[in-house]
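The values are calculated or read from the model by the stated rules, or taken from the named source; none is laboratory data. Note that the structure is predicted; figures quoted are calculated from it, not measured. All Cβ positions, even for glycine, are placed from backbone atoms using ideal geometry, and neighbour counts span all protein chains on display.
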């Protein structure tokens, strides 16, 4: 009976921990940290990737969540929200900086193709692995690809 109670308590703690990441949005401090880092490396997207991806939001969140597959995936999704906001801002800034309709058309086409490629690439983890590890790997892929795109768009703005 005591063993069942302990297992139940541990399961409740893990469920509560994973649920807290799943339901939360990025904090103002997390958003600022990522945006500041991206700005610091705006002229060197490769270094931005090395310094800004995962370490500012996802890894600390995952440690706090206990490192479960689902908790880690949720932490990756939280950071992806930050990068997606930055990507959208950088896309709009780039769009506003273009000289003519042909450039705008090409930017929109490029972005549509990138979205399809990101989705196909990241979704492949499920088709290849077909197990619980595909969940955090897919979420990590989306974070990485979204961050890379945000950095690239900012780099293009500054050309």
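Give the residues of the range 39-60 that are crowded, with 23+ Cβ neighbours inside 10 Å and not in a loop (DSSP other than H, G, I, E, B), sorted by residue number. Can you show your working first?
First pass over the range 39-60, keeping only residues crowded, with 23+ Cβ neighbours inside 10 Å: 48, 52-53, 57-58.
Scanning the range 39-60 gives 48, 52, 58.
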* Exclusive hit being buried (at least 18 other Cβ atoms within 10 Å of the Cβ) and either part of a helix (DSSP H, G or I) or at pLDDT 95 or above (or both), set 9, 95, 86 -> 86
* **Test for residue 106: is it part of a helix (DSSP H, G or I), more than 21 Å from residue 43 (Cα to Cα) and touching a helix residue (DSSP H, G or I) at 6+ places or on another chain (Cβ under 9 Å)** => no
* Asked: Hey, among the residues in the range 100-159 that are within 29 Å of residue 72 (Cβ to Cβ) and loosely packed, with under 11 Cβ neighbours inside 10 Å, which one's modelled with the lowest pLDDT?
  -> 130
